[in-house]
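Okay, structure first, notes after.
The values are calculated or read from the model by the stated rules, or taken from the named source; none is laboratory data. From a predicted model like this one, the values you see are computed outputs, not experimental measurements. Reconstructed Cβ throughout: ideal geometry from the backbone, glycine too, with neighbour counts over all protein chains shown. Just so you know, the surface numbers come from the protein's heavy atoms only, side chains and all, with ligands and any DNA or RNA stripped out. Shrake-Rupley method; radii C 1.70, N 1.55, O 1.52, S 1.80 Å.
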Amino acid sequence: MKKALMGTILIIEDNPANMRLAELLVRNAGHEVLSAVDAETGVALARSALPDLILMDVQLPGMDGLEATALLKSAPATAAIPVIALTALAMKADKENSRLAGCDAYIAKPLRYQELYAAIDSLLQSPAR
Ligand code: MN
């Protein structure tokens, strides 16, 4: 059994209830949490803090989560940070769009801790990091 790695996880989510849940789950798994409520702040924080992983809400005011992901993936300093897209829209097109934007994984909300932890553990252990 592989040992789970701990890291700093940036959560970008505009909905307060979803943010509280995501923060709680991530902290309970032993990770450090950084948070931002819009994409612009999140991208700036990702560039300055270089988190180990990002949980990216897709639907955000202003720049959306997929635009923000594409921006981070296009810059050498942030391209290797794994991004998990979080969306309420459990649609096939949404999953494909998140893959095209460069997201490493995709989770439909509401968050289920088993699925979230599995995705986080898998990406933190990825040899690409
Ligand atoms: Mn949202």
- Note on the structure: Of the conditions (1) within 16 Å of the ligand (Cβ to nearest atom); (2) without any contact (Cβ under 8 Å) to a residue 60 or more places away in the chain; (3) not aromatic (Phe, Trp, Tyr), the single one that residue 21 does not satisfy is (2)
- Message: Out of 5, 53, 45, 71, I need the residue that is at pLDDT 95 or above, open to solvent by 40 Å² or more (accessible area, probe 1.4 Å), in contact with a helix residue (DSSP H, G or I) (Cβ under 7 Å, 6 or more places away or on another chain) and more than 15 Å from the ligand (Cβ to nearest atom). Which one?
- Response: 71
- With the checklist (1) touching a residue at least 12 places away in the same chain (Cβ under 8 Å); (2) in contact with a strand residue (DSSP E or B) (Cβ under 8 Å, 6 or more places away or on another chain); (3) among the basic types (Lys, Arg) in hand, flag the one item residue 27 doesn't pass. (1)
- Task: Might you check whether a residue that is within 14 Å of the chain's Cα centre (by Cα) and assigned to a strand (DSSP E or B) occurs anywhere in the stretch 67-84?
- Result: yes
- When the residues of the stretch 104-125 are filtered to those that are of a type in the set (D, E, K, R) and within 16 Å of residue 65 (Cβ to Cβ), which remaining residue is most open to solvent (accessible area, probe 1.4 Å)? 104
- Given the conditions (1) within 15 Å of the ligand (Cβ to nearest atom); (2) buried (at least 20 other Cβ atoms within 10 Å of the Cβ); (3) closer than 16 Å to residue 66 by Cα, every one holds for residue 37 apart from (2)
- Message: Going residue by residue through the stretch 41-62, is there one that turns out to be in contact with a Lys or Arg (Cβ under 9 Å, 6 or more places away or on another chain) and polar (S, T, N, Q)?
- Response: no
